[in-house]
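K.L.:
Structure below; questions to follow.
The values are calculated or read from the model by the stated rules, or taken from the named source; none is laboratory data. Computed from a predicted model, the values in this text were never measured in an experiment. So basically every Cβ, Gly included, is an ideal-geometry build from the backbone, and we count neighbours across all protein chains shown. Ligands, DNA and RNA are stripped out before the accessible areas are found, and what is left, the full protein with its side chains, is counted by its heavy atoms. Shrake-Rupley method; radii C 1.70, N 1.55, O 1.52, S 1.80 Å.
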There are 4 protein chains.
Amino acid sequence: MSRERTTLRSDMGWSDATRIRVKGLDLMTDIMGRLNLGDFAFLEIQGRLPTASESVVFNAMLATLVEHGMTPMAIATRLTYLGAPESLQGAVAAGLLGMGTTFAGTAEGAARILQEALAGMPNDIAQPELQVLADTIVKRCREARQPIPGIGHPVHKPVDPRATRLFELAAEHGLSGKFVTLMQGISTAAERTLNKPGQLPVNATGAIAALSSELGISWRLSRGLAVIGRTVGLVGHIAEELRYPLAQEIWERTEQESSSHITG
Amino acid sequence: MSRERTTLRSDMGWSDATRIRVKGLDLMTDIMGRLNLGDFAFLEIQGRLPTASESVVFNAMLATLVEHGMTPMAIATRLTYLGAPESLQGAVAAGLLGMGTTFAGTAEGAARILQEALAGMPNDIAQPELQVLADTIVKRCREARQPIPGIGHPVHKPVDPRATRLFELAAEHGLSGKFVTLMQGISTAAERTLNKPGQLPVNATGAIAALSSELGISWRLSRGLAVIGRTVGLVGHIAEELRYPLAQEIWERTEQESSSHITG
Amino acid sequence: MSRERTTLRSDMGWSDATRIRVKGLDLMTDIMGRLNLGDFAFLEIQGRLPTASESVVFNAMLATLVEHGMTPMAIATRLTYLGAPESLQGAVAAGLLGMGTTFAGTAEGAARILQEALAGMPNDIAQPELQVLADTIVKRCREARQPIPGIGHPVHKPVDPRATRLFELAAEHGLSGKFVTLMQGISTAAERTLNKPGQLPVNATGAIAALSSELGISWRLSRGLAVIGRTVGLVGHIAEELRYPLAQEIWERTEQESSSHITG
Amino acid sequence: MSRERTTLRSDMGWSDATRIRVKGLDLMTDIMGRLNLGDFAFLEIQGRLPTASESVVFNAMLATLVEHGMTPMAIATRLTYLGAPESLQGAVAAGLLGMGTTFAGTAEGAARILQEALAGMPNDIAQPELQVLADTIVKRCREARQPIPGIGHPVHKPVDPRATRLFELAAEHGLSGKFVTLMQGISTAAERTLNKPGQLPVNATGAIAALSSELGISWRLSRGLAVIGRTVGLVGHIAEELRYPLAQEIWERTEQESSSHITG
């Protein structure tokens, strides 16, 4: 009753009869024909345009998140599209809903660890200090019996080629700083502590966590990058489903086999 | 029981220990550092890389779909994030679910009309023939008492500046063909038939429908382009909500006012 | 700017320190311990309590919608739960999103046809008049080359036992009126017109459409009944998935087979 | 490649031309006309029919979860329905997605604490032992600086009348056992430890956690009960939105105010 009202305010976008502004830019002259979709995503999230270097690295990060083949999310999207082809948005939404802790949580976790460890630290923090932080992080994860996010991969061994490429692009474009060093230090510390030399390299998730931190993107939005990338991939799966349908066959096989102990 | 099994087959992506392939390309060398997110979306949907011209036009189309300010979808995303901040994917999914017939259906409808009208027609179909098709389309919509998709706008008058810019970019890049001409012919036919000269120009939706048809994208995937663009925008709204929250205030005001006839 | 504000108003529920009211009733004394979940759904949708007869019939209608075995929705829910077990709500939402035109649209379509045909008609409309309406409905569907909603079933032949049971319960409880007669008349008309005697009985969907119309529920909410019933079933599938997981196996098989033409 | 296949198996439901079985029961004779929707939910989740007492208590638990007035979920559902009225399932799904840690997580947390504390304990565990367990739980939550789930309420003071009613119904129906006692012990321990006598009673969430534990329902499905109940409520909000629309007004006000610092 006596609640104090706060004013609603947003700077995302605004338009009238002749003007359309997005984040303070003119949509027609500043964005269309100039910005690619990844750059626009950077603008939306960070509130400013990326530099040319940031554009390359940010688009490469998103590229690693687009297409992971026939994941549970992709199958869920295809099955949902089978039932509701008139609501393509629902099929994509269904797929996105599978991006939880199991598949998308580690990027968030890794970015959080990096950002919390380096909060308030200078950009030129020395390598030995970073290794001390890395050791502490590994020690804490082990004490809490939690996996160390951002390192190792069940399939991509001995290195995750996406991480290698991301770090390479970051170095080429002058975006490899303290977060990258700390992430690599975590890998070194984990291999030493767990006595698994060469077996726990930084994976794609860890590299994305490090680079998004270099770009100043909050760990709270890490999952948002995954959602953006994967949406592109899920629309791609619907495009393929239109040409070569899978969903009906998966459904029929599953239905038949799962009740065959009753139906004989 | 005697159902014939068909083989499940997909060419979206595939990987082993050292290789990661997407649509037949190598993720690390062919995509990362080379393709922007819009180009990757084109690859996913069309199964081939865009040309430089297609890249510009396709990214510009997506750009018109990213940010429409404080839409119902954006508000739904923010309210959902308020309740489930740990599941950012759910908040984006909630927003996407509002992209139905009211807000996203017309692009689909316009693209379908264009593609069905020109199915099997040669690329060099003559202007007079296109105008006959346009007249027929307008006549049919009127007979069915349905709105003519892709023309007119309640706010952007007398022209929708996004459509102007999209047609300009398409012309510059050699991608303005029979679909663009037909869409413009529909506007002309509608203005003449409804006696509203200069009041029913092609809108952003109609321009996107025409250009996606020029790029060979099926009308069934029109809504997919909207979903891709809007996902970027919804993640942007979450980024702003983290800095300047709105959702709690909207909730409290709505709850208070809507029950004030009871609570007094 | 000069937009006129309308007042936000809702009578769904309201509470203060000691009272909790729902639709004008006291939650603790009028609802808890007295109403079952189906009755509460009736109250929410219709704004009044069901009679004892309405309660039986309405709960039976919902019961037909709960569990249809291993549907695409159930599989999508299980796959989503695999990826995001911490967000059970997302897994259920993913399953619900498959309830589109293919699986849930016909109940809506059948209810709409019945309600539009009988709008303004007296409850004691004579049988011959109803048969004329039924003939007209069948004729219109055929002319529009649309399936006649609510009749026939690919598996449940010659009759759909759920429809039989629903009509039986409605008759027993005095809830079988003009909508039931019209629905049955549509079946008769279709069998005569298409020369398929005994092959196009009213199916479960048609019976639900007829009974929800008898109960005064708008066709616009038909899909809502399906959503309520199916939510119960999807939570049931998650309960089973916790005990006997399927999703991981479906994923692995699908991933392996769909890329086997590449991986060999 | 050499992955071992496990057989897909489900006992949820199955049908052929004349029979429809759900969880081993005949849908037409055992369920329709006999089970209300809450009982059916119990069958789906627990794999057996509830007793008459369990039916009353379980339906009362669900009843507390249906309608909480104009919540963020309800507003999100209405806004989504505004954009996609043809996909009612999407509007309900959007609302469900807001049932995250903020609004639904505490029931899960409370049930987990109760079930883990009493795992393997006999049903006749003595009151003093239960109070020791309660003290330990409160101590651990405080040490971890986490809120104690299931006690206290910002509005319903000094007691949450729903909890009072749920405990009353459980006692009447012989379903008040060790979990109820432990939950009440947690309240006592918290009030003593935090020196807030009479201020931290068990709330509705805590009572539901205790009663679902008495019924043998895993804490992993606690959120499922909330999802079932709230789905009913969200369909109710759509029913009201059809009669007295709010969403358009909320949208327009929010859009206007949030950009008024730019538009003037």
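K.L.:
Please report the net charge: other residues with Cβ closer than 13 Å to the Cβ of residue A:98, K and R +1, D and E -1. Write out the running numbers ahead of the final one.
P.N.:
Working: positive: A:78, A:223, A:230, C:78; negative: C:86.
Charge balance in the 13 Å sphere: +3.
K.L.:
Same structure again: Peptide C:221-228: average number of partner chain Cβ atoms within 10 Å per residue?
P.N.:
Working: counts 6, 1, 8, 11, 1, 3, 12, 9.
The per-residue average across the peptide is 6.
K.L.:
Provide the gained length on full extension for the span residue A:26 to residue A:196, in nm with one decimal, where the gain is 0.36 nm per separating residue minus the Cα-Cα distance. Please report the intermediate quantities before stating the final value.
P.N.:
Working: separation 170, 0.36 × 170 = 61.20 nm, distance 5.33 nm.
Difference between extended and current length: 55.9 nm.
K.L.:
From the alpha carbon gyration tensor of segment D:102-205, can you work out the equivalent ellipsoid semi-axes (sqrt of 5 times each eigenvalue) and give them in Å, largest to smallest? Intermediate results must be reported in sequence, preceding the final value.
P.N.:
On the way: eigenvalues 73, 63, 35 Å².
In descending order the semi-axes read 19, 18, 13 Å.
K.L.:
Going toward the positive end of the dipole of chain C, with +1 on Lys and Arg Cβ and -1 on Asp and Glu Cβ, which of C:149, C:80, C:94 do you reach last?
P.N.:
The Cα lying farthest towards the positive end belongs to C:149.
K.L.:
Just the number, please: buried accessible area between D and B, total of both chains, 1.4 angstrom probe, nearest 100 square angstrom.
P.N.:
Details: alone 15580 and 15570 Å², together 28720 Å².
The summed interface area works out to 2400 Å².
K.L.:
For the pairs D:23/D:178; B:157/B:178; B:139/C:139; C:157/C:196; B:23/B:178; B:157/B:196, note any where the Cα-Cα span goes beyond 21 Å. Walk me through the numbers before you get to the answer.
P.N.:
Values: D:23/D:178 30 Å; B:157/B:178 25 Å; B:139/C:139 26 Å; C:157/C:196 13 Å; B:23/B:178 30 Å; B:157/B:196 13 Å.
In this structure, D:23/D:178; B:157/B:178; B:139/C:139; B:23/B:178 lie more than 21 Å apart at Cα.
K.L.:
How much net charge surrounds residue C:70 when only other residues with a Cβ under 11 Å from its Cβ are counted (Lys, Arg +1; Asp, Glu -1)?
P.N.:
-3
K.L.:
Further, regarding this structure: Just the Cα atoms of segment D:148-264: what Rg and Dmax do they give in Å?
P.N.:
Calculated on Cα positions, Rg and Dmax stand at 20.2, 64 Å.
K.L.:
Equivalent ellipsoid semi-axes for chain D, as square roots of 5 times the alpha carbon gyration tensor eigenvalues: give them largest first, rounded to whole Å. Working shown, then result.
P.N.:
Numbers: eigenvalues 227, 185, 69 Å².
Taking √(5λ) for each Cα gyration eigenvalue gives 34, 30, 19 Å.
K.L.:
If I model a spin label as a point 7 Å beyond the Cα along the Cα-Cβ vector, how far apart are those points for residue C:121 and residue D:262 in nm?
P.N.:
Modelled inter-label distance: 5.4 nm.
K.L.:
Springs between alpha-carbon pairs under 10 angstrom, Gaussian network model over chain C: which of C:176, C:87, C:222 fluctuates most?
P.N.:
Highest fluctuation of the listed residues: C:87.
K.L.:
Moving on to the next point. From other protein chains only, count the Cβ atoms within 10 Å of every residue's Cβ in D:242-253, then give the mean. Kindly include the intermediate steps, with their values, before the conclusion.
P.N.:
Details: counts 3, 3, 6, 2, 8, 5, 2, 9, 9, 7, 5, 9.
Per-residue shielding by partner chains comes out at 6.
K.L.:
Which trypsin sites (Lys or Arg not before Pro) does segment C:1-90 hold that lie in a coil by DSSP with at most 13 other beta carbons within 10 Å?
P.N.:
Details: sites: C:3, C:5, C:9, C:19, C:21, C:23, C:34, C:48, C:78; in loops: C:3, C:5, C:9, C:19, C:23, C:34, C:48.
Sites meeting the loop and neighbour criteria: C:3, C:5, C:19, C:48.
K.L.:
Put a dot 7 Å past each Cα toward the Cβ at residue B:19 and residue B:252; how far apart are the dots in nm?
P.N.:
So the label points at residue B:252 and residue B:19 sit 5.9 nm apart.
K.L.:
Out of the chymotrypsin sites (Phe, Trp or Tyr not before Pro) in segment C:40-79, which ones are loop residues according to DSSP with at most 13 other C-beta atoms within 10 Å? Can you show the working numbers first?
P.N.:
Working: sites: C:40, C:42, C:58; in loops: none.
Taking segment C:40-79 and a limit of 13 other Cβ atoms within 10 Å, no loop chymotrypsin sites (Phe, Trp or Tyr not before Pro) are found.
K.L.:
Taking 7 Å along the Cα-to-C-beta vector as the label spot, tell me the residue C:164-residue B:52 distance in nanometres, rounded to one decimal.
P.N.:
7.3
K.L.:
What is the mean number of Cβ atoms from other protein chains located within 10 Å of the Cβ atom of each residue in peptide A:22-32, rounded to a whole number? Don't jump to the answer; show the numbers that get you there.
P.N.:
Values: counts 7, 3, 1, 0, 1, 9, 10, 2, 0, 7, 14.
Mean inter-chain Cβ contacts per residue within 10 Å come to 5.
K.L.:
Another question, then. Two decimals, Cα atoms only, Kirkwood Rh: what is Rg/Rh over segment A:21-60? Could you put the intermediate results ahead of the total?
P.N.:
Values: Rg = 9.5 Å, Rh = 10.1 Å.
Value, to two decimals: 0.94.
K.L.:
Can you tell me the Rg and the Dmax, both Å, for the Cα atoms in segment C:187-240?
P.N.:
Both quantities, over Cα of segment C:187-240: 15.6, 46 Å.
K.L.:
While we're looking at this one, here's another question. If the elastic network links every pair of Cα atoms under 10 Å, which of B:63, B:126, B:107 fluctuates the most in the Gaussian network model of chain B?
P.N.:
Largest GNM mean-square fluctuation: B:126.
K.L.:
Taking +1 at the Cβ of each Lys and Arg and -1 at the Cβ of each Asp and Glu, which of D:181, D:251, D:212 sits farthest along the dipole of segment D:147-264 towards its positive end, judged by Cα position relative to the Cα centre?
P.N.:
Positive-most Cα among the choices belongs to D:181.
K.L.:
Quick one: Cα centre-to-centre distance for segment D:3-60 and segment D:92-134, in angstrom?
P.N.:
So the two Cα centres are separated by 25 Å.
K.L.:
Expressed in nm², what is the orientationally averaged projection area of the convex hull enclosing the Cα positions of the protein assembly as shown? Intermediate results must be reported in sequence, preceding the final value.
P.N.:
Details: hull surface 175.2 nm².
Its Cα hull, projected and averaged over all orientations, spans 43.8 nm².
K.L.:
Where the only charges are on Cβ atoms (+1 Lys, Arg; -1 Asp, Glu), what is the dipole of chain D about its Cα centre, to the nearest 20 debye?
P.N.:
Values: 25 positive and 27 negative charges, 124 e Å.
That gives a dipole near 600 debye.
K.L.:
Separate question: To the nearest 20 debye, what charge dipole does segment D:13-66 have about its Cα centre, counting +1 at the Cβ of each Lys and Arg and -1 at the Cβ of each Asp and Glu? Please list the in-between numbers first.
P.N.:
Values: 5 positive and 6 negative charges, 12 e Å.
About 60 debye.
K.L.:
If you put a point 7 Å past Cα along the Cβ direction, how far is that point for residue C:136 from the same point in each other copy, in nm, smallest first?
P.N.:
Nearest to farthest, the other copies are at 3.3, 7.4, 8.1 nm.
K.L.:
If you roll a 1.4 angstrom probe over the protein chains with everything in place, what fraction of the accessible area of segment B:1-160 belongs to carbon and sulfur, to the nearest %? Walk me through the intermediate numbers first.
P.N.:
On the way: 3550 of 6640 Å².
Roughly 54 percent, rounded to a whole number.
K.L.:
Could you do me a favour and compute the accessible area per residue for chain D, 1.4 Å probe, result in Å²? Before the final figure, lay out each step's value.
P.N.:
On the way: 10130 Å² over 264 residues.
For chain D, the per-residue accessible area is 38 Å².
K.L.:
Can you run the Rg to Rh ratio on segment D:99-150? Use alpha carbon positions and the Kirkwood inverse-distance Rh. Display every interim value, and only then the final one.
P.N.:
Numbers: Rg = 12.3 Å, Rh = 12.0 Å.
With Rh from the inverse mean 1/r over Cα pairs, Rg/Rh is 1.02.
K.L.:
Counting Lys +1, Arg +1, Asp -1, Glu -1, what net charge surrounds residue A:37 among other residues with beta carbon under 13 Å of its beta carbon?
P.N.:
Working: positive: A:34, B:230; negative: A:39, A:44, B:39, B:44, B:67.
Residues near residue A:37 contribute -3 overall.
K.L.:
Let me spell out the model: positive unit charges on the Cβ of Lys and Arg, negative unit charges on the Cβ of Asp and Glu, origin at the Cα centre of segment D:17-153. What dipole size does that give, in debye rounded to 20?
P.N.:
On the way: 11 positive and 13 negative charges, 50 e Å.
Approximately 240 debye in magnitude.
K.L.:
Which ³J(HN,Hα) values, rounded to whole Hz and listed in residue order, are derived for segment D:61-67 from phi using the Karplus coefficients 6.51, -1.76 and 1.60 in 6.51 cos²θ - 1.76 cosθ + 1.60 with θ = phi - 60°, glycine and proline given as x?
P.N.:
Taking θ as phi minus 60°, the curve returns 4, 4, 4, 6, 9, 6, 10 Hz for segment D:61-67.
K.L.:
Same structure again: May I ask you to report, in nm to one decimal and beginning with the shortest, the distances from residue D:102 to the same position in the other copies, taking label points 7 Å along Cα-to-Cβ?
P.N.:
Reported distances to equivalent positions: 2.2, 2.7, 3.5 nm.
K.L.:
I'd like the trypsin sites (Lys or Arg not before Pro) in segment B:92-160 restricted to DSSP loop residues with at most 10 other Cβ atoms within 10 Å, sorted by number. The partial results should precede the final answer.
P.N.:
Working: sites: B:112, B:139, B:140, B:142, B:145; in loops: B:145.
Loop-located and lightly packed - B:145.
K.L.:
Could I ask something else about it? Using only C-alpha positions, report the orientation-averaged shadow area of the convex hull of segment B:10-118, nm², one decimal. Working shown, then result.
P.N.:
Working: hull surface 40.4 nm².
About 10.1 nm², averaged over all directions.
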